2 protein chains.
Amino acid sequence: MPYHDHVSDSPEFKADSPTPVYVQVADYIAARIASGELQPGARLPAERDMSRDLGVAYDTIRRATALLRERKLIVTVVGKGTYVVER
Amino acid sequence: MPYHDHVSDSPEFKADSPTPVYVQVADYIAARIASGELQPGARLPAERDMSRDLGVAYDTIRRATALLRERKLIVTVVGKGTYVVER
DNA sequence: TGAAATTTGTGCGTATGTATT
DNA sequence: GAATACATACGCACAAATTTC
């Protein structure tokens, strides 16, 4: 892994938006799935890593992934990780 | 309001149980609804009050009420409160 | 008008437990 | 057993919606 594997800039999640940050994050991830950047079966970064990388709290990531699980876009397996659903 | 409006003892929620505390709390509230102690339309105590009264974290109450909302046993209105659903 | 009180919603940080590798 | 990753639980602070005065 390079020292700087920073490919795409993290979007700025705005706390002052009427849209909660966790929804912004969920939409951001959903968009990456929709665009094909995240393929079916692909594993998402660990939630703590996403928390750090996206500059939001772990709790916020948890809310975002909970939304995406409800939307059936991802599945989460304890101890393994979070994956883009196979279509 | 009396100084001590402590009618029924709070059950002991066990953190070491395989059943998460928030599920135990949800089941406890569901049982009070099923028994008729909490009638349809009745407002539940404020979540922060339940947190204090039941001796669990606000986060835990939030998880419990989220479960009950999913089960359609209660409805929550921001700024108003949480109510037992009208049958 | 609007200010205060009440209640739920969101966001952050931390610690510990459980499951998988 | 160790490392990794999700799950639960606690505490705190501030924002938003509702009601009341």
- Spatial separation of Cα centroids for segment B:33-87 and segment A:29-87, in angstrom: 29 Å
- Message: Below 8 Å, C-alpha to C-alpha, sequence gap of six or more: please give me the relative contact order for chain A in percent.
- Response: 31 percent
- Item | Candidate lysines - alpha carbon under 20 Å from residue B:72, same-chain residues fewer than 8 apart omitted | B:80
- Can you list, shortest first in nanometers, how far residue A:59 lies from the same residue in the other copies, with each label 7 Å from Cα toward Cβ? 0.7
- Task: Measure off 7 Å from each Cα along the Cα-to-Cβ vector at residue A:72 and residue B:19, then give the distance between these two points in nanometres to one decimal.
- Result: 3.0 nm
- What does a probe at residue A:62 reach in segment B:45-73, counting residues whose amide N is under 16 Å from the point 7 Å along Cα→Cβ? B:56-67
- Return the percentage of antiparallel bridges among DSSP beta bridges fully within the protein assembly as shown, rounded to the nearest 5 %. 100 percent
- Could you work out the helix-only [θ] at 222 nm for the protein assembly as shown, with each DSSP H run of four or more residues adding -39,500 (n - 2.57) and the total divided by the number of residues, to the nearest 500 deg cm²/dmol? -12500 deg cm²/dmol
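Coordinate-derived values only; no laboratory data. Quick caveat, the model's predicted, so the values are computed rather than measured. Neighbour counts run over all protein chains shown; Cβ positions are idealised from the backbone, glycine included.
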